[in-house]
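Okay, so here's the structure we're looking at.
Readers should treat all values here as calculations from the given coordinates under stated rules, not as data from a laboratory. None of these values were measured; they are calculated from a predicted model. All Cβ positions, even for glycine, are placed from backbone atoms using ideal geometry, and neighbour counts span all protein chains on display.
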Ligand code: HEM
């Protein structure tokens, strides 16, 4: 890691020691190597905490590079506030917060309690057959084609279907919804992305109004019926909760599916082990999640204090990249090796009060997808002469994954 000491960049706060200044964006630095996880892990050769001039989506920010310290920051919500976790609401120009994501404890727990019952392992069991049905119907579109572009034909569509199911939203809006979703996630410029985010917001608003008049057995109706301190949620709280479910559960699942499938496509013996022993697929899901943290989430420092020898000042922005925690050799032996028998815990779903409420659903979605692909197709591989495209701009993802396969004969 070449901490910038010679040409000291302008506008660095006085409390930042020059030897910790790093004048790079991690998104570009990671892509200097073919595998961005290896590219980013070069930061482990340097200090545990650095100050990047472009640390959080091009804004100056501290970056914590080590698994143990990232975990500590996730747990220490008193010093590391989530109140400005995302730029989404600023981009949308709204006054409400994403919730429970941007609510600090102790207020956080009451919001979180509304979502918990809908995303427990038992609730996910009840959703599983629907999830499998959606997975099968998407696969049916290309099952006999000998291959597919895994991201556009499957991984970018699948989580959107599940989101609509969870929220109880009608399928007739699915195509439109997915177009907005695609423009929001992959739009060519910021105005296109913001416009799509607003369309989604308007759609959620009209759907919330519908459910208010006609409550059903779905998550949106449950949010509308919920009370905090004996009062119903106000409009901003309701929208903040619906929007965070949308933001939290789509891109992340698409990305995690992409990394898992990319690894499988490079490892035929692993495919065969999993096809013969489908009960091991859960191990693959978790080890792929361990090795492929996809988010860098933000905290803001609440008061001046020293963290592992570095002075943090009130208001400093701190980035917690789970993709660096994933590959920390102080935490994992041979961190870059995907070994499904290691059964290691990880920070891909974070830790502390904001740990991912959707993690059981996400794991189940991934397990079902791998089960359905591996029971149908063998020798899954990247099509010859084709290139895999990776994206480290926001949520780390595989953007283009052209796969081919042989069809398994029915058992
Ligand atoms: C593999 C897929 C997923 C990954 C990697 C992931 C990752 C994360 C992470 C790292 C956080 C913590 C953010 C922070 O502390 O700043 C989080 C929180 C959250 N996630 Fe997920 N997530 C995934 C899937 C989902 C799904 C499917 C849903 C919805 C059903 C969801 C909903 C949420 C919500 C609502 C929060 C905020 C929880 C809180 O503040 O208490 N996530 N997720």
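Worth pointing out:
- Residue 70 meets each of the listed conditions (1) surrounded by fewer than 20 Cβ atoms within 10 Å (Cβ to Cβ); (2) more than 9 Å from the ligand (Cβ to nearest atom) apart from (1).
- Scanning the range 315-332 for residues that are in contact with a strand residue (DSSP E or B) (Cβ under 6 Å, 6 or more places away or on another chain) and more than 12 Å from the ligand (Cβ to nearest atom) gives 316, 317.
- Residue within the range 91-107 that is surrounded by fewer than 16 Cβ atoms within 10 Å (Cβ to Cβ), on the phi < 0 side of the Ramachandran plot, in contact (Cβ under 8 Å) with a residue 40 or more places away in the chain and within 15 Å of the ligand (Cβ to nearest atom) present: yes
- Note on the range 291-314: residues that are farther than 30 Å from residue 19 by Cβ and more than 11 Å from the ligand (Cβ to nearest atom) amount to 1.
Conditions (1) surrounded by 13 or more Cβ atoms within 10 Å (Cβ to Cβ); (2) within 11 Å of the ligand (Cβ to nearest atom), marked per residue:
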| site | (1), (2) |
| --- | --- |
| 115 | yes, yes |
| 130 | yes, no |
| 138 | yes, no |
| 141 | no, no |
| 144 | no, no |
| 147 | yes, no |
| 152 | yes, no |
| 162 | yes, yes |
| 167 | yes, yes |
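- Among the residues of this structure, residue 171 counts as one that is over 30 Å from residue 390 (Cβ atoms) and free of Cβ contacts under 8 Å to residues at least 40 places away in the same chain.
- Residue among 250, 274, 283, 268 that alone is touching a residue at least 24 places away in the same chain (Cβ under 8 Å) and in contact with a strand residue (DSSP E or B) (Cβ under 9 Å, 6 or more places away or on another chain): 268
- Single residue of 47, 60 found to be crowded, with 19+ Cβ neighbours inside 10 Å, away from the ligand (no atom under 16 Å from the Cβ) and not in a helix (DSSP H, G or I): 47
- Among the conditions (1) within 11 Å of the ligand (Cβ to nearest atom); (2) surrounded by fewer than 21 Cβ atoms within 10 Å (Cβ to Cβ), residue 347 misses just one, which is (2).
- Given (1) under 17 Å from residue 168 (Cα atoms); (2) surrounded by 16 or more Cβ atoms within 10 Å (Cβ to Cβ); (3) away from the ligand (no atom under 16 Å from the Cβ), number of the condition residue 199 does not satisfy: (1)
- Residue in the range 318-326 that is surrounded by fewer than 21 Cβ atoms within 10 Å (Cβ to Cβ) and touching a residue at least 40 places away in the same chain (Cβ under 8 Å) present: no
- Any chance residue 187 is over 21 Å from residue 256 (Cβ atoms) and within 16 Å of the ligand (Cβ to nearest atom): no
- Applying the criterion of being surrounded by fewer than 20 Cβ atoms within 10 Å (Cβ to Cβ) and part of a helix (DSSP H, G or I) to the residues of the range 169-179, the residue that is farthest from the chain's Cα centre (by Cα) is 172.
- Tally, over the range 228-274, of residues that are under 15 Å from residue 377 (Cα atoms), surrounded by 22 or more Cβ atoms within 10 Å (Cβ to Cβ) and within 16 Å of the ligand (Cβ to nearest atom): 1
- Within the range 289-306, the set of residues being within 25 Å of residue 356 (Cα to Cα) and either assigned to a loop (DSSP other than H, G, I, E, B) or in contact with a strand residue (DSSP E or B) (Cβ under 7 Å, 6 or more places away or on another chain) (or both) comprises 292, 293, 294, 295, 296, 297, 298, 299, 300, 301, 302.
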